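To start, the structure under review is shown below, and the notes come after it.
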Amino acid sequence: MASFVIEGGHRLSGEIHPQGAKNEVLQIICATLLTAEEVTVDNIPDILDVNNLIQLMREMGVTVSKKGIDSYSFKAENVDLAYLESDEFLKKCSSLRGSVMLIGPMVARFGKALISKPGGDKIGRRRLDTHFLGIQNLGADFRYDEGRGIYEITADRLQGNYMLLDEASVTGTANIVMAAVLAKGTTTIYNAACEPYLQQLCRMLNRMGARISGIASNLLTIEGVEELHGTQHTVLPDMIEVGSFIGMAAMTKSEITIKNVSYENLGIIPESFRRLGIKLEQRGDDIYVPAQEVYEIESFIDGSIMTIADAPWPGLTPDLLSVMLVVATQAKGSVLIHQKMFESRLFFVDKLIDMGAQIILCDPHRAVVIGHNHGFKLRGARLTSPDIRAGIALLIAAMSAEGTSTISNIEQIDRGYQNIEGRLNAIGARITRI
């Protein structure tokens, strides 16, 4: 098991480029199963979750070719349907959260899918009901094999339908959209997720011959087609990494420029950091963060304590709340962080309290942070990364701390962040992988 050793207290300086968006690319790779023709995808991040999915595609019989540093082509012409029923395939699916998005494409194109309960972060309940109910609404039959612990999904030909989703799940909406593009007739999805990742998926599918309207809204209409063809697609920069770098600059009092961020697709993220008192400027498609000795949390107009909460897009993504919580520990003022979606994601705050942060964990969803105003630094500590986003938040805390910190279980960080220590060391961090 690998660890990071971080020497805290060093300021960063220079330019950093965000990687391709992890949450988008997992959907896009699964969507390549919808056609027998070649699909080329650019700006793919070199991270564990994505590499594991690419390897799984190879083992499924998809022809995968590396075209460049971050570019791959996928041709699902001869998918090995027998392998998709094997215990080896199902075991690999169980360790990869993104594998659940194979269901829609496989049922739509091949009429059958088997999937084990997928793994991923241990951040609380992550229901699959939206995925399953949506695809059932298209006429698929679900059966749970208790002996093997797998779901078997079958359908002769999916049929378009109207559905109102019980939650605006990003992966759930993606799965249903991928199933519906080859269904017979028209599918209407209300309360659909509308994150930029999903917009990207829908636009790619339309270039492949799908007929999806309502993109960027929560009401999608999909007219089924007989088949899809190949295309080329470029993945957006990862908005979570962009937000992580903004927070990192503030915590370490650093001046950095985050390059090519696709600013128009960041939504409320820049403004959410401004509410914590962090100055940042849009310069073309870059974000410039000046060095700040102090950043002061805003209050609401009536003077009450600021609350920062996650919400479905265009609200604030839950993936950035861990970072914002850490950043608030050195701000001037107090803030309530409300993590509505996952009930275990805030449990990492005990590690920050051990480092000297002033945080009151109210319940599994809410924490009050009383900022230090850089009055005293966090202390170096021995830490463990419980999930991807808490992992990067702890790394930010360690970079700003006094002394040396060790973070173990960094495989969780590697799942979502490409060569993070190399890129940060290049702009002044002191991080060693052991």
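The values are calculated or read from the model by the stated rules, or taken from the named source; none is laboratory data. The structure displayed is predicted, hence computed values, not measured ones. Cβ placement follows ideal geometry from the backbone for every residue including glycine, while neighbour counts extend to all protein chains displayed. Remember, those area values only see protein heavy atoms, side chains included, never the ligands or the DNA or RNA. Shrake-Rupley method; radii C 1.70, N 1.55, O 1.52, S 1.80 Å.
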key: Pick from region 104-127, criterion outside any helix (DSSP H, G or I) and at pLDDT 80 or above, ranking: surrounded by the fewest Cβ atoms within 10 Å (Cβ to Cβ)   = 111
key: Filtered residues of region 377-395 (kept if farther than 14 Å from residue 432 by Cα and under 22 Å from the mean Cα position of the chain (by Cα))   = 384, 385, 386, 387, 388, 389, 390, 391, 392, 393, 394
ask   = Among the listed residues 61, 14, 9, which satisfies the condition of being open to solvent by 10 Å² or more (accessible area, probe 1.4 Å), of a type in the set (Gly, Ala, Ser), outside any strand (DSSP E or B) and closer than 29 Å to residue 259 by Cα?
value = 9
inquiry  = If residue 177 meets every condition in (1) within 25 Å of residue 240 (Cβ to Cβ); (2) surrounded by 21 or more Cβ atoms within 10 Å (Cβ to Cβ); (3) without any contact (Cβ under 8 Å) to a residue 60 or more places away in the chain apart from one, which number is that one?
reply    = (3)
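What do you reckon, is residue 367 surrounded by 17 or more Cβ atoms within 10 Å (Cβ to Cβ), assigned by the TED database to the domain that holds residue 246 and assigned to a helix (DSSP H, G or I)? Spell out the reasoning first.
Details: surrounded by 17 or more Cβ atoms within 10 Å (Cβ to Cβ): yes; assigned by the TED database to the domain that holds residue 246: yes; assigned to a helix (DSSP H, G or I): no.
The answer is no for residue 367.
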ask   = Pairs, please: C-beta under 6 Å, at least 6 apart or cross-chain, first residue closer than 15 Å to residue 200 by Cβ and in region 33-44, second among the hydroxyl-bearing types (Ser, Thr, Tyr)?
value = 39/32; 39/231; 40/73; 41/72; 42/71; 42/234; 43/234; 44/72
ask   = Is there a residue being in contact with a strand residue (DSSP E or B) (Cβ under 9 Å, 6 or more places away or on another chain), among the polar types (S, T, N, Q) and part of a strand (DSSP E or B) anywhere in region 70-92?
value = yes
